[in-house]
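Below: the structure, in C-alpha coordinates.
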Amino acid sequence: MSAVLVAPLAQAADLDIVEAPMAGDFSGAYVAARIAGAFTPDTNFNLTVVPTNIVNDYDRLGFGGALAVGYEFDWGSNVALRGEIEGGLISAEIKSHTLVAIATTLDGGAAFGTTEIVYGMVNAAVDYDFGNGFKPFISGGIGLAEVNFKNHGVGLAAPVGPLGPGNVTAMNDKDSGLAWQIGGGVGYEVDERVTLEAGYRYFQVNDISLTAVDGTVTNVPVKQHQVMLGVRYGF
(Lines give C-alpha, C1' and ligand atoms only; values in the text may rest on other atoms or scores of the structure.)
Protein backbone atom coordinates (compact mmCIF):
# COMPACT_ATOMS: atom_id res chain seq x y z
CA MET A 1 0.00 0.00 0.00
CA SER A 2 1.44 3.36 -0.95
CA ALA A 3 2.40 5.98 1.60
CA VAL A 4 -0.16 8.30 -0.01
CA LEU A 5 -3.00 6.00 1.12
CA VAL A 6 -1.55 4.91 4.47
CA ALA A 7 -1.32 8.40 5.97
CA PRO A 8 -5.01 9.34 5.49
CA LEU A 9 -6.13 5.94 6.79
CA ALA A 10 -3.98 6.28 9.87
CA GLN A 11 -5.39 9.73 10.56
CA ALA A 12 -8.96 8.48 10.12
CA ALA A 13 -8.34 5.71 12.65
CA ASP A 14 -7.41 8.33 15.25
CA LEU A 15 -10.68 10.27 14.86
CA ASP A 16 -13.30 9.93 17.63
CA ILE A 17 -16.68 8.73 16.45
CA VAL A 18 -19.40 11.10 17.65
CA GLU A 19 -22.78 9.41 17.99
CA ALA A 20 -25.93 11.39 17.21
CA PRO A 21 -28.12 11.90 20.29
CA MET A 22 -31.06 9.54 20.50
CA ALA A 23 -34.59 10.88 20.73
CA GLY A 24 -36.14 10.14 24.09
CA ASP A 25 -32.93 10.74 26.09
CA PHE A 26 -34.41 13.36 28.43
CA SER A 27 -34.22 13.10 32.21
CA GLY A 28 -34.03 15.52 35.09
CA ALA A 29 -35.91 17.81 37.44
CA TYR A 30 -38.17 20.59 36.16
CA VAL A 31 -40.51 23.35 37.24
CA ALA A 32 -43.67 24.28 35.35
CA ALA A 33 -46.08 27.21 35.13
CA ARG A 34 -49.53 26.82 33.57
CA ILE A 35 -52.59 28.90 32.79
CA ALA A 36 -56.04 27.35 32.42
CA GLY A 37 -59.39 28.03 30.87
CA ALA A 38 -62.14 26.07 32.61
CA PHE A 39 -65.59 25.10 31.38
CA THR A 40 -67.72 24.37 34.48
CA PRO A 41 -70.96 22.36 34.15
CA ASP A 42 -73.91 23.43 36.31
CA THR A 43 -73.80 22.89 40.06
CA ASN A 44 -76.73 23.12 42.47
CA PHE A 45 -77.67 23.37 46.12
CA ASN A 46 -80.85 23.30 48.21
CA LEU A 47 -82.69 25.85 50.33
CA THR A 48 -85.30 25.10 52.98
CA VAL A 49 -86.47 28.60 53.93
CA VAL A 50 -87.88 28.78 50.40
CA PRO A 51 -88.13 25.09 49.52
CA THR A 52 -86.25 24.92 46.25
CA ASN A 53 -83.20 23.63 44.48
CA ILE A 54 -80.98 26.37 43.03
CA VAL A 55 -79.11 25.56 39.83
CA ASN A 56 -75.93 27.54 39.23
CA ASP A 57 -75.03 28.24 35.61
CA TYR A 58 -71.52 29.59 35.04
CA ASP A 59 -69.98 31.99 32.55
CA ARG A 60 -68.72 30.15 29.50
CA LEU A 61 -65.10 30.27 30.62
CA GLY A 62 -63.42 30.43 34.00
CA PHE A 63 -59.73 31.10 34.49
CA GLY A 64 -56.87 30.01 36.69
CA GLY A 65 -53.27 28.97 36.92
CA ALA A 66 -50.94 26.44 38.46
CA LEU A 67 -47.32 25.85 39.44
CA ALA A 68 -45.63 22.45 39.55
CA VAL A 69 -42.30 20.83 40.36
CA GLY A 70 -41.40 17.40 39.04
CA TYR A 71 -38.92 14.95 37.58
CA GLU A 72 -38.65 13.21 34.22
CA PHE A 73 -37.35 9.65 34.04
CA ASP A 74 -35.99 8.40 30.71
CA TRP A 75 -37.60 5.01 30.12
CA GLY A 76 -35.90 4.27 26.80
CA SER A 77 -37.44 3.76 23.36
CA ASN A 78 -38.29 7.48 23.20
CA VAL A 79 -40.56 7.20 26.27
CA ALA A 80 -40.28 9.17 29.50
CA LEU A 81 -42.24 9.07 32.74
CA ARG A 82 -42.96 12.25 34.68
CA GLY A 83 -44.01 12.66 38.27
CA GLU A 84 -44.89 16.05 39.75
CA ILE A 85 -46.58 17.96 42.53
CA GLU A 86 -48.96 20.68 41.29
CA GLY A 87 -50.85 23.42 43.08
CA GLY A 88 -53.34 25.76 41.48
CA LEU A 89 -56.41 27.97 41.60
CA ILE A 90 -59.43 28.01 39.26
CA SER A 91 -62.21 30.61 39.47
CA ALA A 92 -65.61 30.59 37.71
CA GLU A 93 -68.17 33.39 37.82
CA ILE A 94 -71.92 32.83 38.08
CA LYS A 95 -73.97 33.61 34.97
CA SER A 96 -77.42 32.77 36.35
CA HIS A 97 -79.29 31.10 39.20
CA THR A 98 -82.45 29.08 38.54
CA LEU A 99 -84.94 28.63 41.38
CA VAL A 100 -86.40 25.30 40.34
CA ALA A 101 -89.49 25.31 42.58
CA ILE A 102 -90.83 28.49 41.02
CA ALA A 103 -89.33 27.92 37.56
CA THR A 104 -87.52 31.26 37.61
CA THR A 105 -84.08 32.05 36.21
CA LEU A 106 -82.29 35.18 37.35
CA ASP A 107 -79.26 36.41 35.42
CA GLY A 108 -77.26 39.54 34.71
CA GLY A 109 -77.16 41.83 37.72
CA ALA A 110 -79.82 39.69 39.42
CA ALA A 111 -77.42 36.75 39.85
CA PHE A 112 -74.02 36.87 41.52
CA GLY A 113 -71.36 34.64 43.03
CA THR A 114 -68.03 32.99 42.37
CA THR A 115 -66.89 29.39 42.70
CA GLU A 116 -63.18 29.05 43.49
CA ILE A 117 -61.17 25.84 43.59
CA VAL A 118 -57.77 25.73 45.29
CA TYR A 119 -56.07 22.38 44.82
CA GLY A 120 -52.92 20.35 45.31
CA MET A 121 -52.31 17.17 43.31
CA VAL A 122 -49.74 14.49 42.66
CA ASN A 123 -49.63 13.93 38.90
CA ALA A 124 -48.05 11.32 36.65
CA ALA A 125 -47.56 11.50 32.88
CA VAL A 126 -46.12 9.39 30.07
CA ASP A 127 -44.38 11.28 27.24
CA TYR A 128 -43.40 9.96 23.82
CA ASP A 129 -40.63 11.80 21.94
CA PHE A 130 -41.02 11.76 18.15
CA GLY A 131 -37.50 13.15 17.80
CA ASN A 132 -38.68 16.31 16.04
CA GLY A 133 -39.43 18.35 19.16
CA PHE A 134 -43.02 17.14 19.62
CA LYS A 135 -43.82 15.04 22.70
CA PRO A 136 -47.45 13.95 23.11
CA PHE A 137 -48.42 12.81 26.60
CA ILE A 138 -51.19 11.32 28.70
CA SER A 139 -51.57 12.25 32.35
CA GLY A 140 -53.55 11.73 35.52
CA GLY A 141 -53.49 12.90 39.09
CA ILE A 142 -55.08 12.75 42.51
CA GLY A 143 -55.12 15.11 45.47
CA LEU A 144 -57.22 17.44 47.59
CA ALA A 145 -59.17 20.56 46.70
CA GLU A 146 -61.00 23.25 48.63
CA VAL A 147 -64.14 24.48 46.86
CA ASN A 148 -65.53 27.86 47.89
CA PHE A 149 -69.03 28.94 46.85
CA LYS A 150 -68.42 32.64 47.50
CA ASN A 151 -71.47 34.84 47.98
CA HIS A 152 -73.86 32.96 45.67
CA GLY A 153 -77.10 34.89 45.58
CA VAL A 154 -79.81 36.71 43.69
CA GLY A 155 -81.34 40.15 43.48
CA LEU A 156 -85.08 39.96 44.09
CA ALA A 157 -87.37 42.70 42.84
CA ALA A 158 -90.16 41.38 45.08
CA PRO A 159 -90.17 39.13 48.16
CA VAL A 160 -90.05 35.36 47.66
CA GLY A 161 -91.32 33.90 50.90
CA PRO A 162 -89.22 35.47 53.69
CA LEU A 163 -86.48 36.51 51.24
CA GLY A 164 -86.09 39.89 49.57
CA PRO A 165 -86.64 42.29 48.12
CA GLY A 166 -83.04 43.24 47.27
CA ASN A 167 -79.86 41.19 47.13
CA VAL A 168 -80.07 37.89 48.98
CA THR A 169 -77.04 35.65 49.58
CA ALA A 170 -78.15 32.02 49.55
CA MET A 171 -74.78 30.25 49.83
CA ASN A 172 -71.42 31.37 51.20
CA ASP A 173 -69.54 28.28 52.30
CA LYS A 174 -66.54 26.11 51.46
CA ASP A 175 -65.40 22.54 51.98
CA SER A 176 -62.56 20.24 50.95
CA GLY A 177 -62.70 16.92 49.16
CA LEU A 178 -60.89 14.39 47.03
CA ALA A 179 -59.87 15.75 43.62
CA TRP A 180 -58.66 13.90 40.55
CA GLN A 181 -57.90 14.57 36.91
CA ILE A 182 -57.16 12.71 33.69
CA GLY A 183 -56.15 14.11 30.34
CA GLY A 184 -53.47 14.52 27.74
CA GLY A 185 -51.78 16.92 25.39
CA VAL A 186 -48.58 17.66 23.55
CA GLY A 187 -45.29 19.26 24.48
CA TYR A 188 -42.83 20.95 22.15
CA GLU A 189 -39.15 21.00 23.12
CA VAL A 190 -37.80 24.46 22.29
CA ASP A 191 -34.34 23.47 23.52
CA GLU A 192 -32.84 21.01 25.98
CA ARG A 193 -34.29 22.94 28.94
CA VAL A 194 -37.52 24.57 27.76
CA THR A 195 -40.67 22.67 26.75
CA LEU A 196 -43.95 24.33 25.84
CA GLU A 197 -47.12 22.34 26.51
CA ALA A 198 -50.81 22.42 25.63
CA GLY A 199 -53.39 19.98 26.94
CA TYR A 200 -56.89 19.12 28.05
CA ARG A 201 -57.98 17.43 31.25
CA TYR A 202 -61.18 16.43 32.97
CA PHE A 203 -61.07 17.63 36.58
CA GLN A 204 -63.45 16.64 39.38
CA VAL A 205 -63.84 17.27 43.07
CA ASN A 206 -65.98 14.55 44.62
CA ASP A 207 -68.97 15.45 46.79
CA ILE A 208 -68.27 18.32 49.14
CA SER A 209 -70.67 19.30 51.91
CA LEU A 210 -71.90 22.90 51.68
CA THR A 211 -74.27 24.66 54.07
CA ALA A 212 -76.63 27.35 52.77
CA VAL A 213 -77.37 30.47 54.80
CA ASP A 214 -80.54 28.86 56.17
CA GLY A 215 -78.61 25.80 57.39
CA THR A 216 -79.59 23.42 54.58
CA VAL A 217 -76.74 21.03 53.73
CA THR A 218 -76.13 19.81 50.16
CA ASN A 219 -73.49 17.39 48.87
CA VAL A 220 -72.13 18.95 45.69
CA PRO A 221 -69.75 17.42 43.12
CA VAL A 222 -67.80 19.97 41.07
CA LYS A 223 -66.61 19.07 37.56
CA GLN A 224 -64.58 21.00 35.01
CA HIS A 225 -63.19 20.64 31.51
CA GLN A 226 -59.83 22.42 31.63
CA VAL A 227 -57.69 23.59 28.71
CA MET A 228 -54.10 24.14 29.84
CA LEU A 229 -51.18 26.08 28.34
CA GLY A 230 -47.82 26.02 30.04
CA VAL A 231 -44.07 25.90 30.00
CA ARG A 232 -41.65 23.49 31.68
CA TYR A 233 -38.06 24.39 32.51
CA GLY A 234 -35.65 21.52 33.09
CA PHE A 235 -32.47 21.47 35.14
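The values are calculated or read from the model by the stated rules, or taken from the named source; none is laboratory data. Note that this is a predicted model, so its numbers are computed, not measured. Here Cβ is always computed from backbone atoms with ideal geometry, including for glycine, and neighbour counts include all displayed protein chains.
Miscellaneous remarks
- Sole residue being modelled with pLDDT of 95 or more, under 23 Å from ILE208 (Cα atoms) and out of contact with any His (no Cβ under 9 Å at 6 or more places or on another chain), chosen from VAL126, VAL69, VAL118: VAL118
- Exactly one residue out of THR98, THR114, THR104 is under 22 Å from ASP175 (Cα atoms), of a type in the set (S, T, N, Q) and without any contact (Cβ under 8 Å) to a residue 60 or more places away in the chain, and it is THR114.
- Here VAL205, VAL186 are screened, and the one residue that is surrounded by fewer than 19 Cβ atoms within 10 Å (Cβ to Cβ), modelled with pLDDT of 95 or more and of a type outside the set (Ser, Thr, Tyr) is VAL186.
- Qualifying residues in region 212-230 (those that are surrounded by fewer than 16 Cβ atoms within 10 Å (Cβ to Cβ) and not basic (Lys, Arg)) - the one farthest from PHE149 (Cα to Cα): LEU229
- Residue among GLY87, GLY70, GLY28 that is touching a residue at least 40 places away in the same chain (Cβ under 8 Å), surrounded by fewer than 16 Cβ atoms within 10 Å (Cβ to Cβ) and not basic (Lys, Arg): GLY28
- Members of region 32-63 found to be in contact with a His (Cβ under 8 Å, 6 or more places away or on another chain), more than 18 Å from LEU210 (Cβ to Cβ) and surrounded by fewer than 18 Cβ atoms within 10 Å (Cβ to Cβ), listed by number: PHE39
- Among (1) modelled with pLDDT of 95 or more; (2) out of contact with any Gly (no Cβ under 8 Å at 6 or more places or on another chain) - the single one ARG232 does not satisfy: (2)
- Flag if ALA66 is more than 14 Å from ASN123 (Cα to Cα), touching a strand residue (DSSP E or B) at 6+ places or on another chain (Cβ under 7 Å), part of a strand (DSSP E or B) and of a type in the set (A, V, I, L, M): no
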